[in-house]
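Inspection log for the structure reproduced underneath, given as structure tokens.
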Amino acid sequence: MKIIRAKDYTEMSRKAANIISAQVIMKPNCVLGLATGGTPLGTYAQLIEWYRKGDLDFAEVTTVNLDEYRGISKENPQSYWYFMHQNFFNHINIQPAHVHLPDGANLDAQAVCEGYDSVIHELGGIDLQLLGLGRDGHIGFNEPNVAFELGTHCVELTESTIEANKRFFESKEDVPREAYTMGIKSIMQARKILMVVNGADKADIVKKAFFGPVTPEVPASILQMHPDFILVLDQEAAAQI
Ligand code: PGA
């Protein structure tokens, strides 16, 4: 585990974007695993800026996102498909056919999950997986006590995640109750993992996940075992380590 400390959110985002850029430059046809949530937004904004300056080219890049709500279509502004296009894909030269997210509109969980694992496999695996960190230690929608050996699967969202995500919906009732997510196994198979964390409200979980025991109670703690895991933190998130 390599820890990179940044003074604030902007610097955290720039350092994370630097690592992703290096990956894209070294291997232009790489497979990037991407994440939604508030934390990676600055990283995407920085990558877009460098793309606009002509320093980055995504023409051969393929992406696979971590997760998607079940029972929501791509056109729904709350879908992760929509989020990724609004905040990243629409602003770079990625080919639409190179973008992958679990199909939230398909309610056949087995078909979606098996299909998604096949896509990742056929792409040759993920070169670099970007992650955020949930306040309860979740990664993707892998909530506490998830089995570490799962590939893509369908989960019921926990109350705390529904609570945290309701800010994006009109009301709490509108938050989908289920999601498709890459499993811990899928994430751990990525050749490189990059996590971005900021803010004082994540300081406790950072300490617990990366300086405590590896346990399914804190899904992110498994990342301690990954051979190439980089954690980029701002000062507030690093306050307890
Ligand atoms: P956040 O979410 O980046 O919006 O804090 C992190 C997560 O739940 O993975």
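Points worth noting:
- Counted residues, segment 27-73 - those being in contact (Cβ under 8 Å) with a residue 40 or more places away in the chain, polar (S, T, N, Q) and either in a loop (DSSP other than H, G, I, E, B) or touching an Asp or Glu at 6+ places or on another chain (Cβ under 7 Å) (or both): 2
- Scanning segment 125-156 for residues that are within 11 Å of the ligand (Cβ to nearest atom), in a loop (DSSP other than H, G, I, E, B), buried (at least 16 other Cβ atoms within 10 Å of the Cβ) and not acidic (Asp, Glu) returns Gly132, Leu133, Gly134, Gly137, His138, Gly140, Phe141.
- Test for Arg5: is it in a helix (DSSP H, G or I), more than 16 Å from the ligand (Cβ to nearest atom) and surrounded by 15 or more Cβ atoms within 10 Å (Cβ to Cβ): no
- Ile94 β-branched (Val, Ile, Thr) and not in a loop (DSSP other than H, G, I, E, B): no
- For segment 137-156, residues that are among the hydrophobic types (A, V, I, L, M, F, W, C) and within 14 Å of the chain's Cα centre (by Cα) total 2.
- Test for Met195: is it within 15 Å of the chain's Cα centre (by Cα), among the aliphatic types (A, V, I, L, M) and more than 12 Å from the ligand (Cβ to nearest atom): no
- Test: Gly104 is part of a loop (DSSP other than H, G, I, E, B), at pLDDT 95 or above and among the small types (Gly, Ala, Ser): yes
- Total residues in segment 165-208, condition free of Cβ contacts under 8 Å to residues at least 12 places away in the same chain and either assigned to a helix (DSSP H, G or I) or aliphatic (A, V, I, L, M) (or both): 5
- Single unsatisfied condition, Asn90 versus (1) more than 24 Å from Val175 (Cβ to Cβ); (2) of a type in the set (S, T, N, Q); (3) within 16 Å of the ligand (Cβ to nearest atom): (3)
The values are calculated or read from the model by the stated rules, or taken from the named source; none is laboratory data. Just so you know, these numbers come straight off a predicted model, no measurement behind them. Here the Cβ is made from the backbone with ideal geometry for all residues, glycine too, and neighbour counts use every protein chain on show.
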